[in-house]
Amino acid sequence: MGGYGVFGGRLIELLSDLQELELVVCGRSLERAREFCALYRGAARLEPLALDRLNISEGLRTKAADLVVDASGPFQDYGSEPYHVIEACIAAGVDYLDFADGADFVFGVSRFDERARAAGVFVLSGVSSFPFLTAAVLRRMASTMEIQEVEGGIAPSPYAGIGLNVMRAVVGYAGAPVALMRDGKMFSAKALTESRRFTVAVPGHLPLRNLRFSLVDVPDLQVLPPEHPSMTDIWMGAGPAPETLHRVINLLAKARARFGLPAFTPFSPLFYAVLNRMRFGEHRGGMFVSARGHSDGRDVVRSWHLLAEGDDGPLIPSMAIEALIRKMIHGEPPAVGARPAVHALKLEDYEALFERRTISSGFRDDSGGGTTYRVLLGSAFDALPYAVRELHDGAGTRRWTGSATVQRGAGLMVGILCAAFGFPNNGREVPAAVTFTNEADGEVWTRTIGGRRFTSFQSVGKGRSQHLLVERFGVVRVSIALVRDGSRLFFVPRRWSILKIPMPKCLLPTGESFETDIGGKFAFDVTIRVPLLGLIVAYSGILKSEEIAV
């Protein structure tokens, strides 16, 4: 149901290689169902069918369906008989899955458990990123910690596209009460009136930019706390782009909550049109789940991150149902009964699907402690070459020496900038040394190349520079992503400021810079370019550790 819609269409794309499947693409418009099927290219067989959810019983009688997937929605607005489709499926002895994102809808499905068991069918609700994937992540975390506070969010790519029914759901509950747990008690917050910022950063990968997430009404808020008796707080948000439109929705939600206004559902088509036309920025999406709690008698903060490149990100909400159908084909159906779908898959099932696409995920320990690069790279640090790890993992004052080749850019302004920052002059195989001095909140790097000395201060970023390396050259701060690519550690500038005043991205200094291992020795290659001016300086060379007399 909703087979030619956003989520239904993506599910069909994911299942298109399974020639043993016959997929009946249902919706109220036979014309749209036929158009969808005409454009389809795949091994699974497709059949269009005009079917309204209110007449599902008739459709089940005429089609010998093994499974009904409800991808229509919005599940928050199913009227006086929200479970009509589920009841019809149980009566017909047909299994059922849905993409429901409404907390009350998903939480209430368990009332049909006894009837579903008697009919010998399974009814799983909320088979999507929220709460399906979130639950799998928290189960993995719970194996090593006692979870107390949870926050999470999903950030779709601005190019992902969003269905009108999803927009109706979001705009419809903006400013409406949302039940969640806070300080160990059930609490009523207002949807989309609370916002937090977060950076989605899989260890060793280019992170998303720091994003604004706002509280949304998702099943996680109600179905996850019973899974973790020690949980006292839970908060889930969405981070749609562009942020300007996001903030407009926040203002409308606050106005509705403050003045008791009616739902803004009539404006859904307008927001739908604007959001699907304002597409700019990186074609990447992500998700995070962060948990605070205890492990071995100490306070810990751990997080899980997911990044999806290009068109693979929008497929993630449909992957859970894909995985379940593939398991069913191999004789592994879910157990009979009706329930929220928080236990139907493990995180390993998802990870197997991610490997087939440009989707990466990983855990971080955000409890603090460790050297700057270990904190920022997490598990990716141990995959670096030994020489790179040795340079960044030392304690106290260290000195590394070797040689470097330097090339400066041309022009008066370039010369002025090089003189101001102390960048080295042109030279080949000139002496080079770097001294590292630890301080309370970071590390001072003092570089001496060809007799010229320049210094910077490196630290773990905070706020909008979360999970980034912040390098300060005097009044200039550059926030840098640490990206591992094979044996190389790349430094990718993401944002910058002068005197703590954010500077335009179009003027951000760039240039390919990396560290690696050459013949067992630490090697570096740094290039600094500035828009409009071009090359400022490039220097590369080899260093080895040198004993410092105490």
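Cα-based values for the chain, radius of gyration first and Dmax second, are 26.9, 87 Å.
Here residue 63 is the anchor, and the aspartates and glutamates within straight C-alpha reach of less than 16 Å, apart from those fewer than 8 places off in the same chain, are 22, 47, 52, 95. Relative contact order of the range 368-487: 21 percent, from C-alpha pairs under 8 Å at least 6 residues apart in sequence. The lysines whose alpha-carbon is closer than 30 Å to the alpha-carbon of residue 500, local same-chain residues fewer than 8 away aside, are 462. Pairs of alpha carbons in the range 418-476 separated by more than 14 Å make up 61% of all such pairs. Straight-line cross-link reach from residue 505 at under 20 Å between alpha-carbon atoms covers these aspartates and glutamates, not counting any fewer than eight positions away in the same chain: 243, 282, 471. Could you work out how far helix 316-329 tilts from the main Cα principal axis of the chain, as a 0 to 90 degree angle to the nearest 10? Here the helix axis deviates by roughly 60 degrees.
Using a/c under 1.5 as the rounded threshold, could you call the range 200-350 rounded, prolate or oblate? The axes a ≥ b ≥ c are square roots of the C-alpha gyration tensor eigenvalues, and prolate needs a/b larger than b/c, oblate otherwise.
Rounded shape, in that the Cα axes give a/c under 1.5.
Name the residue from 522, 506, 492 whose Cα lies farthest towards the positive end of the charge dipole of the range 456-536, charges +1 on Cβ of Lys and Arg and -1 on Cβ of Asp and Glu. Farthest along the dipole direction, towards plus: 506.
If only the Cβ of Lys and Arg carry +1 and only the Cβ of Asp and Glu carry -1, the dipole of the range 208-318 around its Cα centre is close to 580 debye.
Based on alpha carbons, the Rg and Dmax found for the range 206-252 are 13.8, 38 Å. Between residue 445 and residue 379, the simple spin-label model (points 7 angstrom out along Cα→Cβ) gives 2.7 nm.
Ordered from largest to smallest accessible area (heavy atoms of protein chains, 1.4 Å probe), the residues 454, 7, 491 come out as 7, 491, 454. Residue 230 contributes an accessible area of around 40 Å² to the protein surface, as traced by a 1.4 Å probe with all chains present. Percent of Cα pairs in the range 425-550 per distance bin of 10 Å, from zero to the largest separation: 11, 39, 38, 10, 1.
Placing +1 at every Lys and Arg Cβ and -1 at every Asp and Glu Cβ, with all other atoms neutral, what dipole size does the chain have around its Cα centre, in debye to the nearest 20?
Working: 61 positive and 59 negative charges, 440 e Å.
With only Lys, Arg, Asp and Glu charged at Cβ, the dipole is about 2120 debye.
The order of 430, 460 by accessible area, most exposed first and with a 1.4 Å probe, is 460, 430. In the context of the full protein assembly, residue 542 retains an accessible surface of approximately 50 Å², using a probe radius of 1.4 Å and ignoring ligands and nucleic acids.
Of the whole protein surface, residue 522 contributes about 10 Å² of accessible area at a 1.4 Å probe radius. Among 262, 281, 293, whose Cα projects farthest towards the positive end of the dipole of the range 220-320, with charges put on the beta-carbon of Lys, Arg (+1) and Asp, Glu (-1)? Going by the charge dipole, the pick is 262. Placing a label point 7 Å from the Cα of residue 399 along the Cα-to-Cβ line, the residues of the range 427-461 whose backbone N sits under 11 Å from it are 433-436. Seen against the Cα atoms of the chain and their longest principal axis, helix 412-421 is set at about 90 degrees. Restricting the calculation to alpha carbons of the range 110-210 gives Rg and Dmax of 17.5, 50 angstrom. Would you calculate a helix-derived [θ] at 222 nm for the chain, using -39,500 (n - 2.57) for each DSSP H run of n ≥ 4 and dividing by the full residue count, to the nearest 500? Mean residue ellipticity, 222 nm, calculated: -7000 deg cm²/dmol.
With unit charges on the beta carbons (Lys and Arg positive, Asp and Glu negative) and the dipole taken about the Cα centre of the chain, which residue among 145, 440, 33 sits farthest to the positive side? My answer, from the dipole projection, is 440.
Relative to the Cα centre, the charge distribution of the range 118-207, modelled as +1 at Lys and Arg Cβ and -1 at Asp and Glu Cβ, gives a dipole magnitude of about 140 debye. In a solvent-free Debye calculation with one equal scatterer on each Cα, what is log10 I(q)/I(0) for the range 1-114 at q = 0.15 Å⁻¹, listed in the order of the q values? After summing over all Cα pairs, the log10 values are -0.65. Take every pair of alpha-carbon atoms less than 8 Å apart whose residues are at least six positions apart; their mean separation over the length of the chain yields a relative contact order of 13 percent. Spatial offset of the range 252-279 relative to the range 305-365 amounts to 31 Å, using the alpha carbon center of each.
Normalised by the residues of the range 161-315, what does the relative contact order come to in percent, with Cα pairs under 8 Å and at least six apart? It rounds to 27 percent for the range 161-315. When all protein chains stay in place and ligands, DNA and RNA are ignored, the 1.4 Å accessible-area order of 390, 114, largest first, is 114, 390.
The values are calculated or read from the model by the stated rules, or taken from the named source; none is laboratory data. What you are looking at is a predicted structure, and each value in this text was computed from that prediction instead of being measured. FYI the Cβ positions are ideal-geometry reconstructions off the backbone, even for glycines, and counts take in every protein chain you see. Only protein heavy atoms, including side chains, enter the accessible area calculation; ligands, DNA and RNA are left aside. Shrake-Rupley method; radii C 1.70, N 1.55, O 1.52, S 1.80 Å.
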